1. Just to verify a number: FRET efficiency for GLN37 and GLU214, C-beta to C-beta distance, R0 = 35 Å, to 0.05?
2. What distance in nm separates the two pseudo spin-label positions at LYS55 and ASN75, each 7 Å out from Cα along the beta-carbon direction?
3. Compute the Cα gyration tensor for the range 90-136, then decide on rounded, prolate or oblate, letting a ≥ b ≥ c be the square roots of its eigenvalues: rounded whenever a/c is under 1.5, prolate when a/b is larger than b/c in the other cases, and oblate in all that remain.
4. Roughly how many nanometres apart are two label points built 7 Å out from the Cα toward the Cβ at ASN152 and GLN27?
5. If you roll a 1.4 Å probe over the range 1-98 with all protein chains in place, what percent of the accessible area is carbon or sulfur?
6. Taking only protein heavy atoms and a 1.4 Å probe, what accessible area per residue, in Å², does the range 1-90 have with all protein chains in place?
7. Mind listing the long-range amide H neighbours of LYS40? Cut-off is under 5 Å, sequence gap 5 or more, other chains count too, H placed in the peptide plane at 1.01 Å from N.
8. Quick check of the Kirkwood formula: for the range 118-193, what is the inverse mean of 1/r over all pairs of different Cα atoms, in Å?
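The values are calculated or read from the model by the stated rules, or taken from the named source; none is laboratory data. Bear in mind the structure is a predicted one, so any value in this text is a computation, not a measurement. Note that each Cβ is placed from the backbone with ideal geometry, even for glycine, and that neighbours are counted across all protein chains shown. Accessible surface areas use protein heavy atoms only, side chains included; no ligands, DNA or RNA. Shrake-Rupley method; radii C 1.70, N 1.55, O 1.52, S 1.80 Å.
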Amino acid sequence: NNPPKAELYITGSDQVFNPNRQTHKKQAYFLDFTPIQTPKISYAASFGTDHIEEKYKAEIAGYLRKFDSLSVRENIGIKLISKLTGQEASETLDPTLLLDADSWAQVERPYKGLPQGYVLYYRLLGVGDDVAAIVAEKLKLPLVMITDSPQNKVGADFVIRDAGPGEFLWLYDNAEFIITNSFHGVAFSLIFNKQFLSCDKQKSTQIRALNLLEQLDLRSKIIFSDTLLEMENTINYDSVNISLKKIREKSNEFLLKWIN
């Protein structure tokens, strides 16, 4: 009823287009409160799913048609928008990836009491516990786990439950190897040019990471089991960073076009 006054409204990123949110949340994330005459766009928006139930299609299509321009984080989002509205959408990077490692390092805060070399396990779900333990054993390094779980079934040497954003970045920047089941866990592994593995049991929950890694020719860095098949295939970040730079430039162009 009383929206902030602006010359441009942007929604994004993450799962702002998730069709399963409650109606009032959908209206907010789809910017349905903004004045009709003011431009609004989405940046790197994600549906968080590869399909939309029939009962939500008309509602979601109605929101999408009100945007002046749409950009999404995954290729599947482009297809969903096309099916729902016939509109074309752009594919853009998650905003975390618009900044390089030097930019993120400026807000790091050291987490004290850890050894100089360690394997970092950023754990959102239980998938990856066995892989993390195996990698730490193979590399002969202590295992540091970031988690909100009260348990330590992994047998991690250090369990961190109180890392803020600055500490999180420092833990990533100083890790020797990273195991994660988080999209942003993958994103920051790429930003800091780390050797890593992403673990999950279902492809449906890793659509976002899978899409990103396929663009960078790193599909093999996602495994869909608790069994570690191989980890000797190291990432050549010279080629990865070249590819990432091209996608970053394209994403910046989309944003700057509308901001300017």
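1. On the way: r = 39 Å, r/R0 = 1.12.
It comes to 0.35.
2. With each label point 7 Å from Cα toward Cβ, the separation is 3.2 nm.
3. Details: a/c = 2.94, a/b = 1.29, b/c = 2.29.
Verdict is oblate for the range 90-136.
4. In this crude spin-label approximation the distance works out to 4.8 nm.
5. On the way: 2300 of 5060 Å².
Roughly 45 percent, rounded to a whole number.
6. 54 Å²
7. TYR9, ASP68, SER69
8. Working: mean 1/r = 0.0821 Å⁻¹.
Final number for the Kirkwood radius of the range 118-193 is 12.2 Å.
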